[in-house]
Amino acid sequence: INSPSLPNGSVDVRMIAAIRCILAFSGLVIVYVDPTQPAIFSALTYSSLIVYGIWSCVLAIMAFRRDPAAPPPRDTHWGDVLFCAYLVTLTQGTSSLFFTFFLFAILSASFSRGFQEGLLVTGASVILFILASLWFEPSAKFGFDQSLVRPIYLLTLGYMISYWGGHEITQRRRLRMLQDVNNQSNQRVGYDDAIIKNLELILNFFEARACILVLKRPSLPPTYLSYYTPQLQRDQAVQKDRIKIRSINPSALNPNAINEETAKILLNLPDTFANCYDQA
């Protein structure tokens, strides 16, 4: 029995869309209840929050029509970063209540796209927050409590979130690879074909150029075989959350015999070591 495949990301696109709507309309309510928060550009702040709320609702409708296991579009969290910086510029700069909205964009990027994307969003958030603060208060005195502490806080917490998000996605990809290995229930697949299929999964996980497996078969004399899987051309279509991989040349499916000296060099590596070869 095949179990459903695990998604790559650890967030639900529908949950992110719903939280975005909650943040947008809660910000509008807070600004309406406490009109002293937008020191200037009050009407522009209200209208901007209304536009952001409508945009969030449109994204939520689109999200509920998509696959919940698919990651959110990349441009959504970047749009959140830009709009948050825009709101910070309109609402008191360093003391803006919309400062924490940056964390939502960092969380969304990190737990859907991984460490690198989360770190990029974190760096962009810190830079935009500093620029927005300087634009709002060009002649104000440097305030240590807000002008320095808040960017450091955002950078530190953003890095931690990015690390956790990337680690979470890596673990899920590993579980997905192990799940695909265990779900090979086709009885017609032979021994060599099953090995090649597993090598393809490993190659896809590490995004490597090639994958080589060396085996020793108990015979008289012992036979050493190597399985070689080159870089594959992957289809863009996704069916049932699984990446469909094109079949490689049938001639590459057959194991190749190697001499004993070469095999021993590869097989005598400690279990805690990995051999990496860079053709360049």
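The values are calculated or read from the model by the stated rules, or taken from the named source; none is laboratory data. If you're wondering where the values come from, they're calculated on a predicted model, not measured in any experiment. Neighbour counts run over all protein chains shown; Cβ positions are idealised from the backbone, glycine included. Remember, those area values only see protein heavy atoms, side chains included, never the ligands or the DNA or RNA. Shrake-Rupley method; radii C 1.70, N 1.55, O 1.52, S 1.80 Å.
Observations, loosely collected:
- Selection status of Pro7, part of a loop (DSSP other than H, G, I, E, B), open to solvent by less than 40 Å² (accessible area, probe 1.4 Å) and modelled with pLDDT under 90: yes
- Within the range 84-135, the set of residues being open to solvent by 50 Å² or more (accessible area, probe 1.4 Å), under 20 Å from the mean Cα position of the chain (by Cα) and within 23 Å of Val31 (Cβ to Cβ) comprises just one member, Leu107.
- For the range 81-115, a residue qualifies if it is touching a Gly at 6+ places or on another chain (Cβ under 7 Å) and part of a helix (DSSP H, G or I), and the qualifying residues are Thr94, Phe98, Ile106, Ala109, Ser110, Phe111, Ser112, Phe115.
- Residue pairs whose Cβ atoms lie under 7 Å apart, separated by 6 or more positions or on different chains, with the first residue in the range 146-168 and touching a residue at least 60 places away in the same chain (Cβ under 8 Å) and the second in a helix (DSSP H, G or I) and not small (Gly, Ala, Ser), are Gly165/Phe111; Gly165/Phe115; Glu168/Phe111.
- Qualifying residue in the range 230-245 (condition: open to solvent by less than 100 Å² (accessible area, probe 1.4 Å), at positive phi and either out of contact with any helix residue (DSSP H, G or I) (no Cβ under 8 Å at 6 or more places or on another chain) or modelled with pLDDT of 75 or more (or both)): yes
- Residues of the range 204-228 satisfying the condition of being touching a helix residue (DSSP H, G or I) at 6+ places or on another chain (Cβ under 7 Å), assigned to a strand (DSSP E or B) and of a type in the set (A, V, I, L, M, F, W, C): Cys211, Leu213, Val214
- Arg173 fulfils the conditions (1) surrounded by 14 or more Cβ atoms within 10 Å (Cβ to Cβ); (2) modelled with pLDDT under 85; (3) in contact with a Leu (Cβ under 8 Å, 6 or more places away or on another chain) except for a single criterion, (3).
- The range 119-161 - residue that is under 15 Å from Ser96 (Cβ atoms) and among the charged types (D, E, K, R) and, of those, modelled with the highest pLDDT: Arg150
- Contacts under 9 angstrom Cβ, first residue in the range 72-91 being at pLDDT below 90, partner among the β-branched types (Val, Ile, Thr) and in a loop (DSSP other than H, G, I, E, B), 6 or more apart: Pro72/Val11; Leu90/Ile40; Thr91/Ile40
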